[in-house]
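Chemist: Questions regarding the structure given below will be posed in turn.
The values are calculated or read from the model by the stated rules, or taken from the named source; none is laboratory data. Remember, it's a predicted structure, so these values are computed and weren't measured experimentally. Cβ placement follows ideal geometry from the backbone for every residue including glycine, while neighbour counts extend to all protein chains displayed.
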Amino acid sequence: MNDDTVSYHVVIIGIVFTFWAGLVSSCWAQSDAVSPDARAILKRGTIEAGGTVGYWEEFLFPSEAHSSSRRAILVMPRIGVVVTDAIAAGVLSGNLEVLLEPVYGRFKNTFTGHAAGASLVAKYNLLSFGRWVPFWDVGVGVLWTDLAPRIAEDSSQVNFALETGPGIRYYATARMALTLGLRYHHISNAGIGERNLGLDAVLSYAGVSWIVSH
C-alpha cells in the first residue's frame, strides 16, 4: 500500500470519527436540548466553532482545453459569529453569519502538492425548519500552494480562492450540529503571475460544529 492510499484511508477514518464524536455528544446532551430550534440557537452574537473535511475535484468549463485530473483533500477548521438579527422573509427567514476558515489541502495527480491559507466566509442561515438549517455561503481567501509553477494553469505560488454553494446543518443538540455542504471552488492568481488559467473544482465537505457562546 503506497503513501497516497494510506493518506486517503486516514482521511476517511477522520470523517467517520468526526460524525461518531458528534453522535456521542448528542447522547450526553441534557433533556432540554432534545428538540433544538434554530431560531433559539442562532441568535445575533452566537459564536460557533468546528471544522470540516472536504473532497476537491477539478472540472473544466466548456471553453477550457487543458486537462482536469487534479484531486485534493481539504481540512477546514472554522469559527463564526452571527452578525444580524433574524430577517423576516417567510420561509426564507434567516440571518447572516461570518466565519474565518483556515484551510490545508493535499493535492494529487501526477505529483503531490500542498496548499495552505484562509478564507472569510459569509453564510445565510435559513431558520424556518426547526433543528435543520439550510444555508448558502460565499467565501474569498488567500492561498499559498506549491502546485505552481509546476502546473500549466498557474505560475504563482500566491493565489486567491473564491467559493460558493449550498449546505445544511442538523442540530443534534442545542450546542452541536452536523454539517454537509457543496461548493464551487476557484483558485487563481488574479494576474500576478505569467500564467493564470486557474483551477475550478467541486468541493464536497462534511463536519461538525459546537456553539461556544450565545
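Chemist: Identify, from the list TRP136, TRP144, TRP210, TRP132, the residue that is surrounded by fewer than 21 Cβ atoms within 10 Å (Cβ to Cβ), in contact with a strand residue (DSSP E or B) (Cβ under 9 Å, 6 or more places away or on another chain) and under 25 Å from SER69 (Cβ atoms).
Modeler: Only one candidate passes the filter, namely TRP144.
Chemist: Of the residues ALA116, ALA89, which single one is over 12 Å from the mean Cα position of the chain (by Cα), surrounded by fewer than 15 Cβ atoms within 10 Å (Cβ to Cβ), over 26 Å from SER188 (Cβ atoms) and not β-branched (Val, Ile, Thr)?
Modeler: The conditions single out ALA89.
Chemist: For the stretch 182-205, enumerate the residues that are in contact with a Lys or Arg (Cβ under 9 Å, 6 or more places away or on another chain) and closer than 18 Å to VAL138 by Cβ.
Modeler: Going through the stretch 182-205, the residues in contact with a Lys or Arg (Cβ under 9 Å, 6 or more places away or on another chain) turn out to be 189, 199, 201-205.
The answer is ALA201, VAL202, LEU203, SER204, TYR205.
Chemist: Here are some conditions: (1) within 21 Å of the chain's Cα centre (by Cα); (2) closer than 23 Å to ALA38 by Cβ. ALA174 meets all but one. Which one does it not meet?
Modeler: (1)
Chemist: Step by step: first the residues of the stretch 139-171, then only those that are of a type in the set (Ser, Thr, Tyr) and not in a strand (DSSP E or B), then the one that is farthest from GLU97 (Cα to Cα). Which residue is that?
Modeler: Taking the stretch 139-171 as the starting set, the residues that turn out to be of a type in the set (Ser, Thr, Tyr) are 145, 155-156, 164, 170-171.
Filter once more, so that each one left must be not in a strand (DSSP E or B): 155-156.
Details: SER155: 34, SER156: 32 Å.
Per the criteria, the residue is SER155.
Chemist: While we're here: Enumerate the pairs (first residue in the stretch 105-123 and assigned to a strand (DSSP E or B) and of a type in the set (Val, Ile, Thr); second residue anywhere and crowded, with 17+ Cβ neighbours inside 10 Å and modelled with pLDDT under 95) with beta-carbon separation below 8 Å, excluding pairs fewer than 6 apart on the same chain, so at least 6 apart or on different chains.
Modeler: Close Cβ pairs satisfying both conditions: THR112/ARG106.
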